Amino acid sequence: MKKALVFGASGGLAKAIIYQLLDCGWQVDVVCRNSRAAIVTSEFVNFINDDRVRLHLVGNSYSDYIFTGPSDLLVFTQCLFDPKPLVEMTLSQISEEVIVGLVDLIQLTYKFLRSFPPNSESRRDFCFIGSTSAYSGYKNTSVYCAVKHGLLGFVRALNDEYSSTADRFWLFSMGTMLTEMGAKVQGQDSSTYLDPKDVAERIVDAVGSSSNLFEPEVVIRRRCVRFLQS
């Protein structure tokens, strides 16, 4: 049975990815902060009881997670999103958004690769959740855009660095979804938002395929975007 490790397990897309992985027969370890444990436990209680989902808790920092064994797939979904003009943010908010969305992911990837070096025979997939903000800049989301641009550079560099191994680094960048995070976006018609189940299916299909096809950067846009009348 293939093993996946999903960080930020309480988020809308993360939960959809976990369900999709379970449907495909994966064993899923999930990581979330202590403050969100009740949400994850209630969502996956039946799967936790039959040991198909194993819950791991961290304090305030995901980078505190200690890897105890290898995984076939690592999925990094954690990020912060609080749209507002840059000058209305506090320095601590700026720092936390960068740490959670970028620094923690880099440190976790480093710790895993140091603990479990790759080889040319055993394929592993590292799935990072980006955003269309990795390719554009949008007002009131300057720090979030900077984080996603940084993640794009990180994935491109790692694919070059590990090109002689079977490790593959993916960046899935999508438009606004029908999630708790998407609800923070103002002035748009939410009926045009992407369904996280559809996005999760696309992600799991890609990373779970045995084909030699590899799309290191997958951009999933909304075909129709509508703005609300002010």
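The values are calculated or read from the model by the stated rules, or taken from the named source; none is laboratory data. All values reported here derive from a predicted model rather than from experimental measurement. Glycine also receives a Cβ, built like all others from the backbone with ideal geometry; neighbour counts cover every protein chain displayed.
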Checklist entry - Does at least one position in segment 165-172 carry a residue that is in contact with a strand residue (DSSP E or B) (Cβ under 6 Å, 6 or more places away or on another chain) and farther than 21 Å from A9 by Cβ? => result yes
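Matching residues to (1) modelled with pLDDT under 95; (2) part of a helix (DSSP H, G or I):
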site	(1), (2)
N140	yes, no
C145	yes, yes
H149	no, yes
F154	no, yes
L171	no, no
S191	yes, yes
I203	no, yes
Next on the checklist: I need a count of the residues in segment 25-82 that are in a strand (DSSP E or B), of a type in the set (D, E, K, R) and buried (at least 16 other Cβ atoms within 10 Å of the Cβ).
Outcome noted: 2
Checklist entry - Do we have any residue at all in segment 119-131 that's surrounded by 14 or more Cβ atoms within 10 Å (Cβ to Cβ) and among the acidic types (D, E)? => result yes
Checklist outcome for this item: Scanning segment 182-207 for residues that are crowded, with 18+ Cβ neighbours inside 10 Å and either closer than 15 Å to S131 by Cα or not hydrophobic (A, V, I, L, M, F, W, C) (or both) gives G182, Y193, L194, P196, V199, A200, I203
Checklist entry - Residues in segment 107-118 that are surrounded by fewer than 14 Cβ atoms within 10 Å (Cβ to Cβ) and farther than 24 Å from S61 by Cβ: how many? => result 1
